[in-house]
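Down below is the structure, laid out as structure tokens.
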2 protein chains.
Amino acid sequence: MSALLDALRAAVGVPNVIAEGDLTAWEQDWRKRSRGRALAVVRPGTTAEVAAVVRQCASAGVSLVPQGGNTGLVGGSVPDATGAQIVLSLTRLNRVRRVDAANLTLTVEAGCVLQAVQELAASHGLLFALSLAAEGSCTLGGNLATNAGGTQVLRYGNARELCLGLEVVTAQGAIWDGLTGLRKDNTGYDLRNLFIGSEGTLGVITAATMKLHPQPAAVMTALATVPSMASAVALLQRAQSRLGPGLTGFEVMNEFSLALVRKHFPQLRQPLAAAPWTVLLEQSDTESETHARALFEGLLTDAMGSQLISDAAVADSLAQSKALWHLRESIPLAQSLEGLNIKHDISLPVSRIADFVATTDAALQAAHPGVRLVDFGHLGDGNLHYNVQMPEGRDAAEFLHQHEPVVNTLVFDAVSAHGGSISAEHGIGALKRDELARRKSPVAMQMMHGIKRALDPAGVMNPGRVL
Amino acid sequence: MSALLDALRAAVGVPNVIAEGDLTAWEQDWRKRSRGRALAVVRPGTTAEVAAVVRQCASAGVSLVPQGGNTGLVGGSVPDATGAQIVLSLTRLNRVRRVDAANLTLTVEAGCVLQAVQELAASHGLLFALSLAAEGSCTLGGNLATNAGGTQVLRYGNARELCLGLEVVTAQGAIWDGLTGLRKDNTGYDLRNLFIGSEGTLGVITAATMKLHPQPAAVMTALATVPSMASAVALLQRAQSRLGPGLTGFEVMNEFSLALVRKHFPQLRQPLAAAPWTVLLEQSDTESETHARALFEGLLTDAMGSQLISDAAVADSLAQSKALWHLRESIPLAQSLEGLNIKHDISLPVSRIADFVATTDAALQAAHPGVRLVDFGHLGDGNLHYNVQMPEGRDAAEFLHQHEPVVNTLVFDAVSAHGGSISAEHGIGALKRDELARRKSPVAMQMMHGIKRALDPAGVMNPGRVL
């Protein structure tokens, strides 16, 4: 292997091949659930260097694990335990190639941090509409490789829908320049969407051309309490019909989620009394603050009149709006302070969510009396983070150890029965690979394996992930 | 082959295998540019029958040409001249499987006519947002196989963006049930988008789950004249920023396009004086007619004040709005009454369109003095139908015969130089297959061939199309 390391040093420069010292930052995932061992971490600075690295590894029969900000949640970007894989870190590949404001696009390299891309768009008076918790450290390449979601999917779509073109280094080390800024292009198979969401198993995304949007003139935020999930869904439908594409966020939180926030962050003010469910609505308006407020308050007043909601609080300032979002965003940390829990990132048809929650909550209570559900997420997209916390006073680690497999089976069976997905926005990685093989249709699995063999016949790209 | 026909009759019923008589309706394309000969036309009525037909053909080594409404423009849905291909007509596969209004989705079979799908959505008070000239006879399966565009792409996207899930019969005759109604699903490779736009070369789309939208409360339509393409682009940007997603249509027509409409349809009233370019704007509003009109007229008044537009006419009624659209939609017929022309369905980054039009118009005039340009299309998507008509008084057929290849080369070279696409919304089919092989990057072509071999190793699905 030292011949390979020498060749890699020749390709990317000696300081950019790290084979010794503490590699924890690259070898361990963000949640500290997966820890592998790398032969080396290689940090190319250009697309041509990425291609050279892939060719060297392919010819040495050594596999590659592409890595961006390493903020994934399914163990897809850390090496396995063999010590024989190269971590291909793309963080040095972070140049801005082009901003084309008149075309509402920008082209940046894969290692650009998401927040930097948002700021770049804002500096041109435009909006880059992908936004998620890890935006301060995740990279656009990782966002695309995992088809990241986040809080504005309802209006703007996932990373997939925001992407117009890609540059990719193939598993053979060739460079595909698919960096188009076109809204329409029907010239052959959709290679772009095949690489998006393939989690580094088909090639390496090195740059992307992404859609921008005009910045809204005003953004309104509100919390509203509702008596049931069915009311939350009815409110969503009314908001969609009244606000149309102006509805840019629709988050839901159950009572226990906010109770955990109250317990662990008592300094955060919760403006509404506890209720079975609390909804966070966001409206983006192209006209004005006045227009936005009238429309938004009209919706909420009517919803209260027809008893869809029991109470509501509309933010009066940007600071208040941030405080409402901060409540929602504090749930993941509050639940981890409460102790480990069994996490599910699921999606369902919106029409099935109320029934799913009612029957699955009941089944879990019956099977594990006293179990507590941290249930929150992007209701507008049908996406719930449906997490199962041990009964009060029990040891979290022991509960996980004893019950995680049976809880997963119960939840995923219910998801399947309701026509849902076992991974809405986090992907498959290593963590859900076996579950995917069990639950995806054999016809689909066969096609996916065929595509993998066609594009990466030597199996050098992130083996053991997804498939 | 008679053994195969017997097996097909057994699979779909004797009346649904048509091997004799006049097969013109299935053998000839809509524009009458391609005419082939079929071994037989087979009309399965269920997905299981489609699968049986594919299996029978595959085992007999006979290839299949899937066909919907046969309204395609690139010869992708008619058989070749060998008389050895089966036309797989999907028009009997036209059941509604499900309308899930609460999830804003419907699931229908591939043979449903587009207009019937629009009407189905409307009967539930919802909008199905795909709309194009052939909607009275094209089928949803064909729309998806070709990733059809149309007049509302600016807001709602192509067929691709409106699709959530597919049912597909693979080239091996297996059935993939991917009919999900989920907005988020990151469980493996994006098979859905691979089949969308693959023009029947990877498998047969038999059903789809499509997105619905709330119906707008009001729709406004206007014509505006602008002095130049650069002004049209500037107006587009202003409209996007002022109306945001409320801008649902932005069509452009050059002076000659509308002159042809005046000449061949003198009974159609053109409300504005002739100008270098005329724009058709459409705004959809979620609030009210009053709100919509104020916003729309404000935009146009400001645009006139800053001399972006020279004149404008806003429709006062649905009838007037239809009349404005009718002008735009009469261009294709007017140009065909004027005589055959050389058609291009191209897309460009919006920021490059003005330069493309100026330089390419000039280059064509220099090479073919007196040539006339019928230039119109979906400017909001960067999509132009850039058609070259013979000089006044020349014979159209002779002009095409003499000059089509060199005109194509000139136009496509200019498209490539401006970062555009040689097929924005019509696809590749048989017509542009050689051009694709010449112009697409070899790396992309290699990946497409690899995918074709992986999913259709025997080459039974629509051979000679796309690749």
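The values are calculated or read from the model by the stated rules, or taken from the named source; none is laboratory data. Because the structure is a prediction, the values reported are computed rather than measured. We place every Cβ from the backbone using ideal geometry, glycine too, and count neighbours over all the protein chains shown. These area figures cover heavy atoms from the full protein model, side chains too; ligands, DNA and RNA do not enter into them. Shrake-Rupley method; radii C 1.70, N 1.55, O 1.52, S 1.80 Å.
The table below lists the values:
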quantity	calculated
Cα shape, the range B:41-102, gyration tensor, a/c 1.5 rule	oblate
Delta accessible area of at least 40 Å² on complex formation, residues of the range A:333-375, 1.4 Å probe, chain isolated as reference	A:351
Estimated inter-spin distance, residue A:288 and residue B:32, nm [label 7 Å along Cα→Cβ]	5.8
Two-decimal Rg/Rh across the range B:243-327, once Rg and the Kirkwood Rh are taken from alpha-carbon atoms	0.97
Once the Cα gyration tensor of the range B:197-263 is diagonalised, semi-axes √(5λ) in Å	32, 21, 14
Residue mean of other protein chain beta carbons inside 10 Å, A:239-245	6
Residue A:265-residue A:409 FRET efficiency (beta carbon distance; Förster radius 41 Å; 0.05 resolution)	0.80
Global form of the range B:120-168, assessed from the alpha-carbon gyration tensor, a/c cut-off 1.5	rounded
Loop-located trypsin sites (Lys or Arg not before Pro) in the range B:3-107 whose Cβ has at most 11 other Cβ within 10 Å (DSSP)	B:32
DSSP-loop GluC sites (Glu not before Pro) across the range A:360-434, with at most 15 other Cβ within 10 angstrom	A:392
Where only alpha carbons of the protein assembly as shown are counted, the Rg and the Dmax (Å)	28.0, 91
For residue A:48, inter-copy label distances in nm, listed shortest first [label point 7 Å out on the Cα-Cβ vector]	6.0
Number of Lys pairs (Cα under 21 Å; 8 or more positions apart or on different chains) in chain B	10
Accessible carbon and sulfur surface of the protein assembly as shown relative to its total accessible area, %, 1.4 Å	54
Helix-derived mean residue ellipticity, 222 nm - over chain B, DSSP H n ≥ 4, -39500 (n - 2.57), to 500	-11500 deg cm²/dmol
Dipole magnitude of the protein assembly as shown about its Cα centre (Cβ charges: Lys, Arg +1; Asp, Glu -1), debye to nearest 20	1340
Packing-based order for A:101-112, A:126-137, B:216-227, using average beta carbon neighbours within 10 Å, highest first	A:101-112, B:216-227, A:126-137
The range A:66-121-the range A:1-64 distance, computed between alpha-carbon centres (Å)	16
Inter-probe distance in nm under a simple model that places probes 7 Å from Cα toward Cβ, at residue B:437 and residue A:435	4.6
Chain A, relative contact order [Cα under 8 Å, separation at least 6], %	15
Approximate shape of the range A:401-467 as ellipsoid semi-axes (Cα gyration tensor, √5λ), whole Å, largest first	25, 14, 9
Percentage, to the nearest whole number, of Cα pairs in the range B:1-107 over 22 Å apart	34
The range A:205-303, relative contact order [Cα under 8 Å, separation at least 6], %	45
Label point 7 Å beyond Cα along the C-beta direction, distances from residue A:3 to other copies (nm, shortest first)	5.4
DSSP-defined beta bridges in the range B:308-464 - what % are antiparallel, rounded to 5	95
Distance between modelled label sites at residue A:326 and residue A:95, nm, 7 Å Cα→Cβ extension	4.0
Two-site FRET efficiency, residue A:81 against residue B:453, from Cβ-Cβ distance with R₀ of 45 Å, rounded to 0.05	0.85
Unit Cα scatterers, Debye sum, the range A:136-245: log10 I(q)/I(0) for q = 0.13, 0.16 Å⁻¹	-0.64, -0.83
Mean separation of Cα contacts under 8 Å, 6 or more apart, over the residue count of the range B:42-111: relative contact order %	32
Antiparallel %, DSSP beta bridges [both residues in chain A], to 5	85
Pairwise centroid distance, computed over Cα atoms, of the range A:418-467 with the range B:139-157, Å	29
The range A:350-375 versus the range B:269-343: alpha-carbon centroid distance in Å	53
Rotationally averaged projected area of the range A:311-467 (alpha carbon convex hull; nm²)	12.6
Kirkwood hydrodynamic radius (C-alpha pairs) into Stokes-Einstein, chain B, 10 °C and 1.306 mPa s, D in µm²/s	68
Equivalent ellipsoid, the range B:57-149 (semi-axes from 5 times Cα gyration tensor eigenvalues, Å)	29, 15, 9
For residue B:97, residues with placed amide H under 5 Å, excluding near neighbours	B:107, B:108, B:109
For residue B:406, label point 7 Å along C-beta direction: distances to other copies, nm	8.2
Evaluated at q = 0.11, 0.16, 0.23 Å⁻¹: base-10 log I(q)/I(0), Debye formula over Cα of the range A:284-399	-0.54, -0.98, -1.31
The range A:1-146: antiparallel DSSP beta bridges as a percent of all, rounded to 5	50
Extreme residue, positive dipole direction of the range B:80-222, given options B:186, B:139, B:176 (C-beta unit charges)	B:186
